[in-house]
Amino acid sequence: MKHLLIVFLLIVFCACTASAQVPEVRTRWFPVTGDSVLVEYAEPTHGRPVPAVLVLSDRFGLQENVRSVLKILAQMGFRAFAPPLHSARLQAVEGIPDVVYDSSDITMITQIAVDIMNGASSNGKLGLLAFDAGAIVAIEMVARFPFFASAALFYPAGGSAALARMRSAQAPLQLHIAQFDPMCTLDDVEDLRDPIISSGRRVNVYYYKEAHRFFFNPEHAAFHRKNTQSAWNRIMQLFRNTLR
């Protein structure tokens with residue numbers, strides 16, 4: 001799948017100059033209750049305080065596609081961090097294996113988020129970019145805590161029950177769903193439209209035709225290049241409007 005990753009990077013780097021330096025992905029230990037967590041990250045090369053984005057992976061865990069996302073976000077001027085999730089342990093990128101939500105991720109991500117926002121290299125603003133299993137965690141995070149400036153959520157696992165928690169979100173949200181995804185459907189979203197509107201929450205829903213679940217993951221057979229490009233444009237618009 002390496003050729004897909006190259007195509008993926010070319011799509012989103014097309015607006016950058018040929019001489020721009022591609023940020024490296026590094027690792028850093030973050031202290032959490034009774035333990036520490038090794039987090040992968042990438043950041044702009046200039047070193048000035050900038051907004052940060054937490055990237056929460058799909059059910060396949062921290063694969064090369066996640067590292068590509070980190071590099072792209074750093075290239076666009078954000079510090080990007082990808083912690084390992086108990087809800088998304090490393091496994092082969094194929095099919096649609098089962099996912100089990102682990103609530104301990106909430107405590108871990110909260111502590112990492114606070115550490116990042118308080119760091120000298122941060123401007124104090126933090127966003128979320130989350131996929132599938134990671135999107136379940138992200139929805140719960142924005143439902144509980146007010147310090148996230150925005151979140152882009154791709155095909156959350158858990159169906160309408162998971163989506164219902166968006167009614168408590170305190171940040172602007174993007175929800176990205178695929179046409180051929182029985183686990184996160186347009187009907188699920190329609191069921192929540194009136195409650196979300198009445199709650200005054202800001203949720204923009206984007207529907208991708210000819211797309212299947214995991215269309216954003218270039219290592220998966222369902223990868224869809226054109227829809228991924230469209231999604232990246234929307235992600236960057238959200239973060240530039242809410243994190244700057």
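The values are calculated or read from the model by the stated rules, or taken from the named source; none is laboratory data. Keep in mind that this is a model prediction, so the values were computed, not measured. Positions of Cβ are generated from backbone atoms using ideal geometry, with glycine treated the same way; all protein chains shown enter the neighbour counts.
Which numbered condition in (1) at pLDDT below 90; (2) under 27 Å from Lys71 (Cβ atoms) is the only one that Arg193 fails? Tallying (1) at pLDDT below 90; (2) under 27 Å from Lys71 (Cβ atoms), Arg193 fails exactly one: (2). Residues in the range 216-244 that are touching a residue at least 60 places away in the same chain (Cβ under 8 Å) and part of a loop (DSSP other than H, G, I, E, B): Phe216, Asn217, Pro218, Glu219, His220, Ala221, Phe223, Leu243, Arg244.
Against the numbered list (1) of a type in the set (Phe, Trp, Tyr); (2) outside any strand (DSSP E or B); (3) free of Cβ contacts under 8 Å to residues at least 40 places away in the same chain, Tyr207 comes up short only at (2).
The one condition from (1) polar (S, T, N, Q); (2) out of contact with any Pro (no Cβ under 8 Å at 6 or more places or on another chain); (3) at pLDDT 90 or above that Ser199 does not meet is (3).
For the range 97-149, a tally of residues being within 13 Å of the chain's Cα centre (by Cα) and on the phi > 0 side of the Ramachandran plot returns 1. The set of residues in the range 134-189 that are modelled with pLDDT of 90 or more, over 24 Å from Val66 (Cα atoms) and among the charged types (D, E, K, R) contains only Arg144.
When Val55, Val37, Val69 are checked against the criterion of being surrounded by fewer than 20 Cβ atoms within 10 Å (Cβ to Cβ) and hydrophobic (A, V, I, L, M, F, W, C), a single residue qualifies: Val37. Quick one: is Glu210 surrounded by fewer than 24 Cβ atoms within 10 Å (Cβ to Cβ), closer than 22 Å to Val93 by Cβ and acidic (Asp, Glu)? Judged against the criteria, Glu210 is a match.
The rows are residues; the columns are (1) under 24 Å from Trp232 (Cα atoms); (2) among the basic types (Lys, Arg); (3) at pLDDT 95 or above.
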| site | (1), (2), (3) |
| --- | --- |
| Ala18 | yes, no, no |
| Gln21 | yes, no, no |
| Thr27 | no, no, yes |
| Leu38 | no, no, yes |
| Tyr41 | yes, no, yes |
| Val55 | yes, no, yes |
